[in-house]
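Structure record follows, encoded as structure tokens.
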Amino acid sequence: MLVNPLDNLIDALTLAGGVSKSGSLRNIEIKRKTPEGVITYKIDLYDLFIKGLPVDIKLRDEDVIYVPPIGDTVAIAGDVKRPAIYELKDEKSLEDVVKFAGGFNPSVSEVFVRISRFSQDGVKIYEGSLSDKDFIKTKLLNGDFVFFGQKPSVMENAVLVKGEVYYPGYYLSLIHISEPTRPY
């Protein structure tokens, strides 16, 4: 593969077919010989992909680009803006990883968050709420799967008025109307 002096790390990785799914996007190294010895530049591509920061190290003759194996990962799914599998670096908590996912969609349920975690006893499920500060600070582990639920689409405590009326639509009830009890 030929790389010209105007190429940077992204150009070289593109020519190489990209980083494989088993390769790290967060710990890429460029090793460069200098008269003082070998200098290693550590590159975190999340700076580019998540934060939009430039990664513009120009390559030089005899540079070596090393892509190590992927580190610990967590999967984020559900009502977030960027559901994906994310590689962890310094991020430890659910709150930290939500930033990768771009935050929540407006329809996210604040009371339905589920963390599925593999253990020696099988899969353990932890459920919590976005308003629970301790739950949001939950430390995530390699292989965790986090799902953010969506608010129910059915209105509660509302009635639908339709037909020959001036203002048809849903109206919220200020009192809770319970269903009639059944004799059995």
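What follows draws every value from the coordinates through simple rules; no lab data is involved. Every value quoted in this text rests on a predicted model; they were computed, and no experiment measured them. Glycine also receives a Cβ, built like all others from the backbone with ideal geometry; neighbour counts cover every protein chain displayed.
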Cα pair count fraction exceeding 15 Å, expressed as % - the stretch 1-101 = 66
inquiry  = Give me the dipole magnitude in Debye, nearest 20, for the chain about the Cα centre, with unit charges on the beta carbon: positive for Lys and Arg, negative for Asp and Glu.
reply    = 160
request  = Of the listed pairs Lys21/Lys81; Lys21/Lys99; Lys92/Lys137, which have alpha-carbon separations greater than 18 Å here?
outcome  = Lys21/Lys81; Lys21/Lys99
ask   = Roughly how many Å is it from the Cα centre of the stretch 117-173 to that of the stretch 63-114, as a whole number?
value = 19
task = Name the long-range amide H neighbours of Leu140: under 5 Å, sequence gap of 5 or more, or other chain; modelled H, no Pro or chain starts.
result = Ser93, Leu94
query = If the cut-off is a Cα-Cα distance under 16 Å, which lysines reach Lys42, setting aside same-chain residues fewer than 8 apart in sequence?
reply = Lys31, Lys33, Lys58, Lys89
key: Karplus 3J(HN,Hα) series, Hz, for the stretch 54-68 with 6.51 cos²θ - 1.76 cosθ + 1.60 (x for Gly, Pro)   = x, 10, 10, 6, 6, 7, 10, 4, 6, 5, 10, 9, 10, 10, x
query = Relative to the Cα centre, what is the charge dipole magnitude of the stretch 17-62, using +1 at the beta carbon of each Lys and Arg, -1 at the beta carbon of each Asp and Glu, and rounding to the nearest 20 debye?
reply = 100
query = Binning every alpha carbon pair distance of the chain at 5 Å from zero, what are the percents per bin?
reply = 1, 6, 11, 13, 12, 10, 9, 9, 7, 6, 4, 3, 3, 2, 2, 1, 0, 0, 0
ask   = Considering amide H positions built from the backbone, and no H for Pro or chain starts, which residues 5 or more places from Arg26, or on another chain, come under 5 Å of its amide H?
value = Leu45
